[in-house]
There are 4 protein chains.
Amino acid sequence: MQIGIVGLGRMGGNIGRRLMRGGHQCVVYDHSPDATDALVKEGAAGAKDLGELVAKLEAPRVVWLMLPAGKITEDTLGDLSKLLGRDDVVIDGGNSFYKDDIRRAAQFKEQGIHYVDVGTSGGVSGLTRGYCMMIGGEDDVVRRIDPILATLAPGRGDIPETPGREGRDARVENGYMHCGPVGSGHFVKMVHNGIEYGLMQAYAEGFHILKHKDSKELTENERYDLDLADIAEVWRRGSVVSSWLLDLTAGALAGDGSLDKYSAEVADSGEGRWTIEAAIEEAVPAQVLSAALYTRFRSRDAESFPERMLSAMRFGFGGHKEYPVK
Amino acid sequence: MQIGIVGLGRMGGNIGRRLMRGGHQCVVYDHSPDATDALVKEGAAGAKDLGELVAKLEAPRVVWLMLPAGKITEDTLGDLSKLLGRDDVVIDGGNSFYKDDIRRAAQFKEQGIHYVDVGTSGGVSGLTRGYCMMIGGEDDVVRRIDPILATLAPGRGDIPETPGREGRDARVENGYMHCGPVGSGHFVKMVHNGIEYGLMQAYAEGFHILKHKDSKELTENERYDLDLADIAEVWRRGSVVSSWLLDLTAGALAGDGSLDKYSAEVADSGEGRWTIEAAIEEAVPAQVLSAALYTRFRSRDAESFPERMLSAMRFGFGGHKEYPVK
Amino acid sequence: MQIGIVGLGRMGGNIGRRLMRGGHQCVVYDHSPDATDALVKEGAAGAKDLGELVAKLEAPRVVWLMLPAGKITEDTLGDLSKLLGRDDVVIDGGNSFYKDDIRRAAQFKEQGIHYVDVGTSGGVSGLTRGYCMMIGGEDDVVRRIDPILATLAPGRGDIPETPGREGRDARVENGYMHCGPVGSGHFVKMVHNGIEYGLMQAYAEGFHILKHKDSKELTENERYDLDLADIAEVWRRGSVVSSWLLDLTAGALAGDGSLDKYSAEVADSGEGRWTIEAAIEEAVPAQVLSAALYTRFRSRDAESFPERMLSAMRFGFGGHKEYPVK
Amino acid sequence: MQIGIVGLGRMGGNIGRRLMRGGHQCVVYDHSPDATDALVKEGAAGAKDLGELVAKLEAPRVVWLMLPAGKITEDTLGDLSKLLGRDDVVIDGGNSFYKDDIRRAAQFKEQGIHYVDVGTSGGVSGLTRGYCMMIGGEDDVVRRIDPILATLAPGRGDIPETPGREGRDARVENGYMHCGPVGSGHFVKMVHNGIEYGLMQAYAEGFHILKHKDSKELTENERYDLDLADIAEVWRRGSVVSSWLLDLTAGALAGDGSLDKYSAEVADSGEGRWTIEAAIEEAVPAQVLSAALYTRFRSRDAESFPERMLSAMRFGFGGHKEYPVK
């Protein structure tokens, strides 16, 4: 089917490519003409602005946004609301906050425009592996865009079936799920990312313990010089902790095991924060997911004010000479 | 090659079976004659006690222990030290504490007996999938028992290769690794289990947040009734959080999604505790792994003394009527 | 000076009493006529509704609200906005969220009404000990109500002076502080409560460790039967962990040391949650404050869904018989 | 009464002084002759080695060790065991691990020597404020040294009495407690320090949130420039979070509020670690106390390996350009 795609970055460009390979017609626009041209060369129809994109689509239209969450998504949706019409569908495939979806969908609804939120996981490998998608929206609208979703999804592949799923929604086995009303797709994707933070931190802590097992603080016969790359690799093969994140870790460690080329300051996107806020709203304990987020905050703090406060107290009660260090 | 196996429970029995299928000769003993008989029917030579087991093995002998960590392993090793002789090899395939390995190996060494520790992951699926093994011991001794390890290991299978591993130890790709000196196998397995606790807890917290998204405390339009079984399934297919633990979760949720048949009191084995102790010895922060362990402690505490202390303080400063609730 | 007080509960009633003892004239109103009458008997002028309260005050008026945060505070402020006039001052002494203060102050400002937020600590002991107050608002307005603040505050008392404070704002030594613009009083009070959660949890965990030192799991000669009431008391006397919260703990333990009469389900008010949300907005790690909050969430969860998920995974990979327990 | 003191550092020297001011006779020894001389000038009898110290004491002797925990304490106790005789008392007033106490006491007991462990809190202020002491040992031996303990303790002072303590051990109100058998004094002191870590971290996190409330990431009208020194001071006066640690914080902040002169790398002594190990042995959750310890570990980690691992994974799945940062 025909679809408009707005935003042709790392994710949006590949989504267009995968759809075209699946036989869909794409009308594409990016604020960078080069990005638009690249897709045009691969068979897409290009647009020089949102107006042209909308004009090139047949009603009822389907427009997929793949933009950074926040102001640019908000502004683009605002512009689209003036261009689209009754029964058109706008899809936010980015990482928007689900409460923004709920607000926006209510606004679009006044014009008869349908809003669908799609949380998309799969990263840079999505073009070949397909995208795992979590979708929120009206039932018939999600059905209407099914051809697109089916093409983007990974399909069943050779992943073993889960026993006991007979009679359940078959789309799920193909890697996409209609989670519920508007916002629920991004909500599920948000928690997915929160879990991702926790998983990553669990591996990072464990490998830290393995690495420091050569510490001079330990007695010599309890000290080991362990090969982290080999450990990551062997765990990929039949162990309980095997996972895609471990596959990636094994790859990184197989190169320069010191990981010195990677930053010690770890960014966090909105999802990790929103997951904790959701936990708090629901009064659900989320110790591990919080700890994972806080580690990232800490990694970017060069000022160390709270640590200095501890030293100041230690000096106060114990005369511990914590200063001057410099 | 020929091997003696002591302990024929859930793990030991299947290890024997997998070895026999691989063409090895097994002499087996379990304190339960029924367990011994079962293996004998499948082709093993049986022994009615440790003495007979040792007698039926040709020197230099190889004996694999697969017993619960602690007293029974300790006692059996004590008995074996009186029966085995120079150049024999004893393998502890259980979940022993690595410092116990170091101590025992030094004792066996005085008699010329070699000690090898093997941390074994794979669980009940090991018979068919193979066992991921982490091995500590002398280099030539580990080489000597390689035929056994190679049979027990999963082999390369169809798991994609990790780029950049050219020229590295090929055993690792086959699912077993010689980690270093005695104790290092169990040390790596211990951290493996510590990570496992962290991963499990990350999923548990995330699904808890998903489940309570139907909470009456939330405003109605921000409330979703999410299908956890479908979410676990869709994440198996192309998402960043796919893993074997998620596969198991998807299976459990596909049955009775309430999970009511599973216990709310979660056991912990030694490895999770030892991992935290190792982190503390090395001065390595392990927030996530600790939180995962503490959640299990908390799950078994029916007394709630610390919570009552909080209520007592709240009553003290605020007159909050926390009592009597009953 | 003259002041109107709305809300005569545990806190509001005593605030009125302390002000009258300090020579101020109070016009009071509570939705319960009995509460109003009680204060009238002690010398206050009573009002049967907000209109009468405003009418009995001379312009420019000062009205202190001491109501539960949320809808009732919001509604009462809405009603007052229709009754008050230019240059009047309305004070929210409750536990409102500071962002609500900012919003409300902007609305009141359009009518020329001044809004002051006062975070009040001191609990049920405030009548005799005085109230520690954190204040947000315009500088001249906070100065205008200084007679009231000075009376409510504890004063210098016999608390030792902090060296190095020469030349600083003397109000602070008297126990009240003008923290900054509107909302900053409640913000500082909010973080105060967040810290309070953390302190309480630190004591609770420590006493839990002391209590379980009699555990049968420990070897006999490492087991102690410790007197928690005496420990709390001795720590009050010269130790580094002495505090008012410890004083309260010592009192509670000196009664029935089992604390059985106190609830095992611990409530949380908004401040603990808002503190974590503020930390996340600022990208500040708050591991301890979060853990304290989550312990309270956990204390109220009878369903134990995440724990059952852990058991389900354990059953999946290890065949651990976690079910059926019941 | 007469007492020997070994170790005249920050703590031991002042303990001698406080005892002499209380009318006791002190025989003192430090490996630094200058330290010994300083006490001699203040009235103590000096000894040039342990032998002379023991010789100058009348049997049955009492010797108080005030040395760093670990090798030096261990060695000195070994030397003393050869010099002391039946019915003498040796007191370890340092920060020894309680399991070491239990082991040592058993050894001394074979010679008829009594061993007492005293956990001592109070820090550099102890000379004037007195020392809060937690004591483990045999009942009659602890009674025998009561004159010393009573002098070292703070006494009742003007700290308000805790209601409900009628009929309880009066020593406790004077600031010293006989906790139980050998080791229990150091065990209680160990948990005291664990709690101390948690309290300190709670304040540090809270003040961090206050400090970063001026963050440019926040919208302008939700940003405050708060005076941390004044906040610490006002909380000392009637608030729920008042404590001695807060007094010390207020003092530090009243100087240079940036705390730049204090180290960002925070040391930890054994007690914090042993507290977590005790919690794990007892299966008691200790989330807050662990988090406090881990913050100190993290403060000393310049390598940032686990953070680099997170960045490596992020690069792996998302192409997030976390490198090269340098």
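Please treat every number below as a calculation from the coordinates, not as lab data. Note that this is a predicted model, so its numbers are computed, not measured. Cβ: placed from backbone, ideal geometry, glycine included. Neighbour counts: every protein chain shown.
Per-residue Cβ counts within 10 Å, from other chains only, averaged over A:125-135: what number is that?
Other-chain Cβ atoms within 10 Å of each residue's Cβ, averaged: 3.
Using a 10 Å cut-off around each Cβ of peptide C:152-162, what is the average number of partner chain Cβ atoms that fall inside?
The per-residue average across the peptide is 3.
Suppose every Lys and Arg Cβ carries +1 and every Asp and Glu Cβ carries -1, with no other charges. What dipole size does region D:189-302 come out with about its Cα centre, to the nearest 20 debye?
120
Whole-Å semi-axes of region B:2-181's equivalent ellipsoid, largest first, each the root of 5 times a Cα gyration tensor eigenvalue?
Ellipsoid semi-axes (Å, largest first): 25, 20, 14.
Let me spell out the model: positive unit charges on the Cβ of Lys and Arg, negative unit charges on the Cβ of Asp and Glu, origin at the Cα centre of the protein assembly as shown. What dipole size does that give, in debye rounded to 20?
For the protein assembly as shown, the charge dipole is close to 0 debye.
Distance check, please: which entries in B:K189/B:K213; B:K211/C:K211; B:K71/C:K211; B:K211/D:K211; A:K71/D:K213; A:K99/A:K211 exceed 30 angstrom between their Cα atoms?
Where the Cα-Cα span goes over 30 Å, the pairs concerned are B:K189/B:K213; B:K211/C:K211; B:K211/D:K211; A:K99/A:K211.
Provide, as a two-decimal number, the C-alpha radius of gyration of region C:1-42 over 2.2 N^0.38 Å, N being how many residues it has.
Computed over Cα atoms of region C:1-42, the ratio equals 0.99.
Can you give the translational diffusion coefficient of region D:1-87 in µm²/s, computed by Stokes-Einstein from the Kirkwood radius over Cα pairs at 25 °C and 0.890 mPa s?
In µm²/s, the coefficient rounds to 193.
Among bridges DSSP assigns within region B:2-181, what percent are antiparallel (round to 5)?
Percent antiparallel among DSSP bridges in region B:2-181 is about 20.
If you place +1 on the Cβ of every Lys and Arg, -1 on the Cβ of every Asp and Glu, and leave all else neutral, what size is the dipole of chain B about its Cα centre, to the nearest 20 Debye?
About 180 debye.
Just to be sure I understand: chains B and D are related by a rotation, so which residue of B has its Cβ closest to that axis, and how close in Å?
B:S290, 2
Would you mind listing the distances between the D:D37 label point and the same position in each other copy? Use 7 Å along Cα-to-C-beta, nm, one decimal, shortest first.
Nearest to farthest, the other copies are at 8.3, 8.7, 8.7 nm.
Output the Cα-based Rg and Dmax of chain C in Å, rounding Rg to one decimal and Dmax to a whole number.
Considering chain C through its Cα atoms, Rg and Dmax are 23.9, 77 Å.
If Rh is defined by the Kirkwood formula over all Cα pairs and Rg also comes from Cα, what ratio Rg/Rh do you get for region B:109-234?
Expressed as Rg/Rh, it is 1.19.
Filter the DSSP H helices in chain A by two things, a Kyte-Doolittle mean of at least -1.0 and an axial alpha-carbon span of 20 angstrom or more, and list the hits by number.
A:184-211
Run through every distinct alpha carbon pair of the protein assembly as shown and return the Kirkwood hydrodynamic radius in angstroms, one decimal place.
So the Kirkwood estimate lands at 33.9 Å.
With a 10 Å radius around each residue's Cβ, average the other Cβ atoms per peptide and rank D:6-12, D:197-203, D:268-274, D:222-228, highest first.
Ranked by mean Cβ neighbours within 10 Å, highest first: D:197-203, D:6-12, D:268-274, D:222-228.
What does the structure give for B:187-193 when I average, per residue, the other chain Cβ atoms found within 10 Å of the residue Cβ?
Counting other chains' Cβ atoms within 10 Å and averaging over B:187-193 gives 6.
For the protein assembly as shown, what does the helix formula give at 222 nm: sum of -39500 (n - 2.57) over DSSP H segments with n ≥ 4, over the residue count, nearest 500 deg cm²/dmol?
-15000 deg cm²/dmol
From the P(r) of region C:189-302, can you give the percent of Cα pairs sitting at distances over 19 Å?
Percentage above 19 Å: 55.
Taking a point 7 Å out from Cα toward Cβ as the label site, list the nm distances between B:E110 and the same residue in every other copy, smallest first.
Those label-point separations list as 1.9, 8.7, 8.9 nm.
Please express the shape of region B:68-170 as an equivalent ellipsoid: the semi-axes are the square roots of 5 times the eigenvalues of the C-alpha gyration tensor, given largest first in whole angstrom.
28, 16, 12
Can you list, shortest first and in nm, the gaps between the label point of B:D214 and those of its counterparts in the other copies, using a point 7 Å from Cα in the C-beta direction?
Label-point distances to the other copies, shortest first: 4.4, 4.9, 5.3 nm.
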